[in-house]
């Protein structure tokens, strides 16, 4: 008889955990009031960058180590992964920040304008110097979420708005689980989706910024995702005027043609995070909590899913950068 699992939540954590457990033979039901991924979850508003090396600038070592395996996991499970690396640039006044970023990261090469031009001609018009993070990749988050859900349905997984909790319950609800996880906090992120024919980018670009990591990710057909602010708040109602101005100013600084772009969406999410910004696998009152992905959802959800599979199907305790409370 297969192991019965009930997963609460169908964001990136819930869907990755469900995918991994189904692959190992578990019988899985997913319960989510929205009955699937959508704009109600912060996973919907993510950049989808699988940028483990860039995250090494500020994140702990396990984020980088486990994040480097993420692209292969997504590709293995049928998600389109673009392996074009990423580019890091800084305005002339912030060139020292580019040097600092390089010292704190790995797997990159410095490019001058002539070397940047064949990779990203539009950036070469504006920047004399750039870092090329050669091993990074990205996915379209919405396509990834919907693709995982569709494959799970094909394999017999039920998605319910509500229902009985059979077998082992795994809580992957993100910030909605704050009522049972007292040390969980929200980190508000605002993003903008733009469309323009005036800019062509083949890979994610980071613009170093003194307050938060700014990035722009190509989605194809002239569509770009611009994000993301990082504000200590559980509020996900509206984007502030200040944040929108800063994001759009950053896009303009990257390339003036963004001034004529159409704004397709302005989105807000609140990322779940623990005090050290590291995720946890925690057993509490019989429920297994998988939470605290912070801004590393697509990068670390595959690793957490594998660890949950190892724990429940093979009895292997997750490594010590997670907490596992009996």
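The values are calculated or read from the model by the stated rules, or taken from the named source; none is laboratory data. Just so it is clear, the model here is predicted, and its values are computed rather than measured. Note that each Cβ is placed from the backbone with ideal geometry, even for glycine, and that neighbours are counted across all protein chains shown.
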Practice task
Sort through 111, 95 and tell me the only one that's out of contact with any helix residue (DSSP H, G or I) (no Cβ under 8 Å at 6 or more places or on another chain), farther than 30 Å from residue 162 by Cα and either crowded, with 17+ Cβ neighbours inside 10 Å or not assigned by TED's automatic domain parsing to the domain that holds residue 204 (or both).
Solution key: 111
Exercise for the section: Just give me the residues in the range 256-269 being surrounded by 22 or more Cβ atoms within 10 Å (Cβ to Cβ) and outside any strand (DSSP E or B), in sequence order. Expected result: 261
Handout entry: Selection count where residues are in a loop (DSSP other than H, G, I, E, B), over 15 Å from residue 166 (Cα atoms) and either in contact with a helix residue (DSSP H, G or I) (Cβ under 8 Å, 6 or more places away or on another chain) or without any contact (Cβ under 8 Å) to a residue 24 or more places away in the chain (or both), scope the range 10-38
Key = 7
Exercise for the section: Please verify whether the range 270-288 includes one or more residues that are surrounded by 20 or more Cβ atoms within 10 Å (Cβ to Cβ), in the same structural domain as residue 50 (by TED's automatic domain parsing), on the phi > 0 side of the Ramachandran plot and modelled with pLDDT of 95 or more. Expected result: no
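Rundown of residues vs (1) part of a strand (DSSP E or B); (2) in the same structural domain as residue 264 (by TED's automatic domain parsing); (3) closer than 20 Å to residue 133 by Cβ, yes/no style:
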{"position": "201", "(1), (2), (3)": "no, yes, yes"}
{"position": "224", "(1), (2), (3)": "yes, yes, yes"}
{"position": "234", "(1), (2), (3)": "no, yes, no"}
{"position": "237", "(1), (2), (3)": "no, yes, no"}
Practice task
Can you confirm whether the range 292-303 contains a residue that is surrounded by 15 or more Cβ atoms within 10 Å (Cβ to Cβ), in a loop (DSSP other than H, G, I, E, B) and outside the structural domain of residue 43 (by TED's automatic domain parsing)?
Solution key: no
Exercise for the section: Taking residue 154 as the residue in question, decide whether it is surrounded by fewer than 19 Cβ atoms within 10 Å (Cβ to Cβ) and in contact (Cβ under 8 Å) with a residue 24 or more places away in the chain. Expected result: no
Handout entry: Condition check for residue 228: farther than 30 Å from residue 26 by Cα, under 15 Å from the mean Cα position of the chain (by Cα) and assigned by TED's automatic domain parsing to the domain that holds residue 191
Key = yes
Practice task
State yes or no: is residue 91 modelled with pLDDT under 95 and touching a strand residue (DSSP E or B) at 6+ places or on another chain (Cβ under 9 Å)?
Solution key: yes
Practice task
Give me a count of the residues in the range 42-66 that are out of contact with any strand residue (DSSP E or B) (no Cβ under 7 Å at 6 or more places or on another chain) and surrounded by 24 or more Cβ atoms within 10 Å (Cβ to Cβ).
Solution key: 3
Fill in the blank from the handout: Note: among 249, 240, 182, just one is free of Cβ contacts under 8 Å to residues at least 60 places away in the same chain and closer than 30 Å to residue 285 by Cβ, namely 182
Exercise for the section: State whether the residues of the range 271-288 include one that is in a helix (DSSP H, G or I) and closer than 27 Å to residue 208 by Cβ. Expected result: no
